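First up is the structure itself, then whatever we jot down about it.
The values are calculated or read from the model by the stated rules, or taken from the named source; none is laboratory data. Fair warning: this is a prediction, and the values are worked out from it, not measured in the lab. Cβ: placed from backbone, ideal geometry, glycine included. Neighbour counts: every protein chain shown. Note: accessible area is taken over every heavy atom of the protein model, side chains too, but ligands, DNA and RNA are not part of it. Shrake-Rupley method; radii C 1.70, N 1.55, O 1.52, S 1.80 Å.
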Amino acid sequence: MTTALFPGSFDPITNGHMDSIEQAAKVFDRLLVVVMTNSSKKALFTPDERVDLIKDAVKDKGLANVEVLARPGQLTVDLAKELGAGVLVRGVRNSSDFLYEQQIAQLNRELAPDLPTVLFMAKAANSALASSILKEIAMFGGDLDHFLPKKAARALKEKLQSES
């Protein structure tokens, strides 16, 4: 049985993330979607809130082999070993993502030579989705229905309204 680990900040989960999750769920027996820390970003949602939003989106898609958990403050390769994951999953929207993910995959390979990274390419409709841009759209009252799962879209609007 192959267990794959899809780490990310998921702040919030987007349809682009879901695209990668759906593709990976078809390939691997078990997919662990793990909310982790990205030290270069300031999170809007708590790890528990992000887990809840991802679980809701995964449930809506009927992805029974996907588990969602939060493990902030840990190296991905160490977590993969701890959880028994034999593959890392990453999503790629565009050429900039590819270059970034290539760097991360090479560094992870140095840290854990037996842990390959598999990249899933986003559908064209999801290639421009970035949480930072979606937060700005939400801040100014834009429609998020085509970019985020329903519960995540509501939560993002509510979170930004409560902070302003």
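Hey, among 24, 57, 70, 64, which residue is in contact with a Phe, Trp or Tyr (Cβ under 7 Å, 6 or more places away or on another chain) and among the small types (Gly, Ala, Ser)? First the steps, then the outcome.
Values: 57 fails: in contact with a Phe, Trp or Tyr (Cβ under 7 Å, 6 or more places away or on another chain); 70 fails: in contact with a Phe, Trp or Tyr (Cβ under 7 Å, 6 or more places away or on another chain); 64 fails: in contact with a Phe, Trp or Tyr (Cβ under 7 Å, 6 or more places away or on another chain).
So the residue among 24, 57, 70, 64 that is in contact with a Phe, Trp or Tyr (Cβ under 7 Å, 6 or more places away or on another chain) and among the small types (Gly, Ala, Ser) is 24.
Would you mention how many residues in region 59-96 are without any contact (Cβ under 8 Å) to a residue 40 or more places away in the chain and hydrophobic (A, V, I, L, M, F, W, C)? Give the derivation first.
Taking region 59-96 first, the residues without any contact (Cβ under 8 Å) to a residue 40 or more places away in the chain are 59, 62, 64, 67-75, 77-78, 81-82, 92, 94-96.
Among the residues that remain, those that are also hydrophobic (A, V, I, L, M, F, W, C) are: 64, 68-70, 75, 77, 92.
Number satisfying all stated conditions: 7.
Within the bounds of region 111-119, is there any residue that is under 19 Å from residue 12 (Cα atoms) and among the polar types (S, T, N, Q)? Outline the logic, then answer.
Of all residues in region 111-119, those under 19 Å from residue 12 (Cα atoms) come to none.
No, there is no match, as no residue in region 111-119 is under 19 Å from residue 12 (Cα atoms) and among the polar types (S, T, N, Q).
Inside region 136-164, can you point out the residues that are assigned to a helix (DSSP H, G or I) and over 17 Å from the mean Cα position of the chain (by Cα)? Break it down stepwise before answering.
Narrowing region 136-164 to residues assigned to a helix (DSSP H, G or I): 136-139, 150-163.
Residues satisfying the conditions are 136, 137, 138, 139, 154, 157, 158, 159, 160, 161, 162, 163.
So if I check each of 87, 51, 77, 35, which one is open to solvent by less than 30 Å² (accessible area, probe 1.4 Å) and either in contact with an Asp or Glu (Cβ under 9 Å, 6 or more places away or on another chain) or at pLDDT below 95 (or both)? Spell out the reasoning first.
On the way: 87 fails: either in contact with an Asp or Glu (Cβ under 9 Å, 6 or more places away or on another chain) or at pLDDT below 95 (or both); 51 fails: either in contact with an Asp or Glu (Cβ under 9 Å, 6 or more places away or on another chain) or at pLDDT below 95 (or both); 77 fails: either in contact with an Asp or Glu (Cβ under 9 Å, 6 or more places away or on another chain) or at pLDDT below 95 (or both).
The unique qualifying residue is 35.
Residue 133 - would you say it is over 18 Å from residue 22 (Cα atoms), part of a helix (DSSP H, G or I), free of Cβ contacts under 8 Å to residues at least 40 places away in the same chain and open to solvent by less than 80 Å² (accessible area, probe 1.4 Å)? I'd like the intermediate steps shown before the answer.
Working: over 18 Å from residue 22 (Cα atoms): yes; part of a helix (DSSP H, G or I): yes; free of Cβ contacts under 8 Å to residues at least 40 places away in the same chain: yes; open to solvent by less than 80 Å² (accessible area, probe 1.4 Å): no.
Spelling it out, it is not the case that residue 133 is over 18 Å from residue 22 (Cα atoms), part of a helix (DSSP H, G or I), free of Cβ contacts under 8 Å to residues at least 40 places away in the same chain and open to solvent by less than 80 Å² (accessible area, probe 1.4 Å).
Taking the residues in region 102-126 that are without any contact (Cβ under 8 Å) to a residue 40 or more places away in the chain and in contact with a helix residue (DSSP H, G or I) (Cβ under 7 Å, 6 or more places away or on another chain) as candidates, determine which candidate is surrounded by the fewest Cβ atoms within 10 Å (Cβ to Cβ).
Among those residues, the one meeting the criterion is 111.
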